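In what follows, a structure is listed as structure tokens, so that the remarks can point back to it.
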């Protein structure tokens with residue numbers, strides 16, 4: 001037997017010797033005939049093999065040429081997307097549309113060529129080539145979708161711009177019908193924007209399917225650019241969808257709206273942005289602001305001080321020394337929708353008791369802004385002169401505080417009328433904004449978006465559908481409810497005048513997984529850079545630290561009196577402490593606490609998330625987050641901040657808290 005059962009293999013040596021025996025037993029003449037036949041057979045097979053090789057070579061070369069053409073079309077399309085975006089930013093919409101249209105054509109051509117390669121015998125039956133073709137398919141689909149999205153977006157913007165150019169260069173010069181038509185166009189753009197969002201979401205999903213594109217390595221950089229452009233497009237469309245409904249509503253379309261306006265002074269910090277020193281009533285209809293007047297908050301509170309008897313929250317009673325609660329202190333909840341409803345309740349109660357009640361008795365929404373937003377608007381409109389005073393982006397807050405706190409006495413203005421200058425400023429700023437040439441609109445949009453992110457603008461709607469849109473837009477100021485770790489530090493200025501203007505805050509948050517569970521150490525530093533003067537004094541803050549429900553306080557240091565109080569509110573555990581810092585000193589509130597089981601379970605499952613929510617009006621220039629887990633860190637987000645990998649299982653972020661911050665670590 002040629003097969004060796006013992007060795008379990010074919011015995012080549014034995015086969016060789018057996019073949020010699022067979023060969024030797026064949027007569028010489030027969031052996032020669034068989035030899036010639038074998039030679040002929042080998043030649044024939046060789047010719048066939050050569051033919052097949054040549055055929056495959058020619059076929060492969062033809063597909064290589066097709067693949068090259070596909071690649072060139074794809075690269076050309078990507079370059080034209082870049083050109084379309086460039087010219088769109090320059091407001092050259094016709095050129096941008098032309099490039100976007102050409103980009104779509106290039107990607108469609110590339111896809112047609114790709115189909116030829118994909119369906120070929122060679123590529124469809126070679127796994128490694130098929131996988132890479134699938135990658136290329138995902139990229140082509142994404143790029144073509146992006147090109148179409150750019151085209152639709154530019155066309156939408158061009159239509160808006162054409163409308164403006166067809167009429168006048170500023171919104172204030174539109175006729176009532178033109179304003180209504182303009183707002184109607186924006187209001188009805190929702191379905192178009194939603195369709196655009198779905199396409200971009202699908203494009204993003206396809207891009208995520210690309211795995212290790214070896215044959216696409218020459219375009220890896222362009223793939224990264226494509227990913228970034230899709231993400232940017234999604235961000236702007238996500239913002240545009242709710243804005244297409246919210247903006248017309250604010251401007252009184254499709255119906256007249258009335259808003260309660262609040263100016264919150266962030267230099268006297270309170271939970272939703274600052275002390276409510278000024279309120280107003282705003283009425284809008286079809287793009288016109290029919291009424292916008294402002295009043296000193298004490299004009300509403302003082303006439304009813306003996307008529308309204310509402311027990312204030314205990315910290316207000318204890319540290320402000322007030323026996324009753326009024327509208328000026330009504331923004332006590334850090335959840336803006338809750339505070340907005342409380343403010344509206346106080347307005348209605350107090351207004352009804354006035355000698356001459358304001359006819360505005362109910363509102364469609366409550367708008368709150370801080371002086372920082374007005375300062376940023378002044379950077380676009382330019383200085384505003386009221387009387388002999390010139391208000392600029394650099395002096396607005398200080399000059400206004402001086403006018404209403406000191407200068408009114410020298411000017412002989414009654415204290416009751418000292419804040420009328422705010423109404424004059426509001427009216428002049430409204431005229432300036434509405435008179436701006438359309439070329440300034442992108443700057444205004446940028447300023448609004450930045451101030452929404454920083455929570456210098458908050459908006460609550462009483463209509464729940466509109467409120468949901470405000471939440472989606474980041475306007476609602478609601479307290480977030482993440483399923484993992486969470487932190488929000490809420491300071492309330494307790495009779496410290498405008499001392500928040502000279503307070504520098506920094507936050508250190510350290511988390512370590514121990515045998516006793518995840519332990520968090522929070523240190524909040526208050527650096528007092530001021531002195532004793534008419535605006536500033538010793539800093540007195542009632543600090544509330546909102547953490548995941550079920551957290552357990554272990555130790556506390558740095559509070560000025562009594563014990564740290566542990567309560568529950570808004571689905572969170574709250575640590576409450578009173579802190580006093582003298583001018584020139586630094587105070588540190590330090591809290592050590594154990595996070596609840598739900599956070600431990602998330603960490604054990606391989607994911608740690610932390611959401612740090614910014615208090616509106618607060619200024620925190622330094623936020624340090626140090627996380628030490630039990631397992632090796634596989635990935636983390638974000639990577640854009642300064643990130644220090646201190647060990648395989650420990651990471652440290654250094655950033656600020658000018659907006660909400662989210663952190664994520666994956667260990668499995």
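Derivation of every value follows stated rules applied to the coordinates shown; laboratory data play no part. These numbers were taken from a predicted model, which means no experiment stands behind them. Reconstructed Cβ throughout: ideal geometry from the backbone, glycine too, with neighbour counts over all protein chains shown.
Structure summary
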| item | result |
| --- | --- |
| Relative contact order (%) - criterion: Cα under 8 Å, at least six apart; region: the range 372-455 | 35 |
| Cβ-based exposure ranking for 590, 266, 496, in which fewest neighbours within 10 Å come first | 590, 496, 266 |
| Shape metrics for the range 385-525, restricted to C-alpha atoms - Rg then Dmax, Å | 21.3, 68 |
| Chain lengthening between residue 224 and residue 95 when straightened (0.36 nm per residue, less Cα-Cα) | 43.9 nm |
| At q = 0.09 Å⁻¹, base-10 log of I(q)/I(0) for the range 485-666 (Debye sum, equal scatterers on each alpha carbon) | -0.33 |
| All-pairs Cα distance distribution in the range 430-484, expressed in whole percent, bin size 5 Å | 4, 17, 19, 18, 18, 14, 5, 2, 2, 1 |
| Whole-Å semi-axes of the range 218-332's equivalent ellipsoid (Cα gyration tensor) | 43, 23, 10 |
| Alpha-carbon Rg with Dmax, taken over the range 617-668, Å | 11.8, 38 |
| Calculated FRET value between residue 235 and residue 172, using beta carbons and R₀ = 30 Å, to 0.05 | 0.45 |
| Relative contact order (%) - the range 392-510, alpha-carbon pairs under 8 angstrom, separation at least six | 11 |
| For the range 444-459 and the range 531-605, distance of Cα centres in Å | 28 |
| Mean-position separation - Cα centroids, the range 219-288 and the range 471-519, in angstrom | 23 |
| Square roots of 5 times each gyration tensor eigenvalue, C-alpha, the range 372-455, largest first, Å | 27, 14, 10 |
| Computed P(r) (all Cα pairs; the range 565-668; 5 Å bins; percent) | 2, 9, 17, 20, 21, 16, 10, 4, 1, 0 |
| Tail weight of P(r) past 21 Å, computed on alpha-carbon pairs of the range 275-381, percent | 41 |
| Cβ-based exposure ranking for 509, 187, 486, in which fewest neighbours within 10 Å come first | 187, 509, 486 |
| Rg followed by Dmax, in Å, when the range 246-309 is reduced to its Cα trace | 14.6, 41 |
